[in-house]
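Read-outs throughout are calculated quantities, based only on the coordinates presented, and are distinct from any laboratory measurement. Just so it is clear, the structure is predicted and the values come from calculations on it, not from any experiment. Glycine also receives a Cβ, built like all others from the backbone with ideal geometry; neighbour counts cover every protein chain displayed.
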Amino acid sequence: MIICTDSNRPNVEPYILADEDRAEIEHHIHHYDDARAASIDALKVIQRRHGWVPDGAIQPVADLLGISAPDLEGVATFYSLIFRRPVGRNVIKVCDSIACHLMDFEVVQDAIIKHINVGLGETTADERYTLLPICCLGTCDKAPAIMINDDTHTNLTPEQIPALLEKYV
């Protein structure tokens, strides 16, 4: 178990890196010639445990990877599927690529907003949903598309949204 406090960031809670998380991160590191290449995998390990990556986790993970905390923070904030703040139990990612724009993704997005009553970047009061934009889901031939957690839903219409969202209790 690694307990880390970050003296450069006094408001950051000390973080305890669980032994099994450390072992999994080390396993990822051994798959690469350069430990830095395991940055996203390491962040995903932490996110699986908490649903997001707490500030205090950055330093101990960076230490394992042999990189600076600011470098790892840069990866964490750049990669849109790493969450740096708490999110709802179900994360809805609305594709806003050009293909989805051409296929009227806005009406699907508006139906989601109306159904869950939050805007982009927000989480419902019951923490059931977080709604986020994403630049592309890679399903351009089946636009408009959204992803809920790890499930991709394509060729959507606004009428499908209420029943679809109710599957994610």
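Loop sites by DSSP among the chymotrypsin sites (Phe, Trp or Tyr not before Pro) of the chain, restricted to those with at most 15 other Cβ atoms within 10 angstrom, leave 80-167 as the longest stretch without any of them.
Other residues lying with their Cβ under 14 Å from the Cβ of residue 130 contribute a combined charge of +2, Lys and Arg counting +1, Asp and Glu -1. The orientation-averaged projection of the convex hull spanning the C-alpha atoms of the stretch 90-166 amounts to 4.3 square nanometres. Applying 1/(1 + (r/R0)^6) with R0 = 45 Å to the Cβ-Cβ distance of residue 27 and residue 102, what FRET efficiency is obtained, to the nearest 0.05? In this case the efficiency is close to 0.60.
Summing +1 for each Lys or Arg and -1 for each Asp or Glu among the other residues whose beta-carbon sits under 10 angstrom from that of residue 28 gives -2. Summing Lys and Arg as +1 and Asp and Glu as -1 over all other residues whose Cβ lies under 11 Å from the Cβ of residue 113 gives a net charge of -2.
The mean sequence distance of close C-alpha pairs (under 8 Å, at least 6 residues apart), as a share of the length of the chain, puts its relative contact order at 17 percent.
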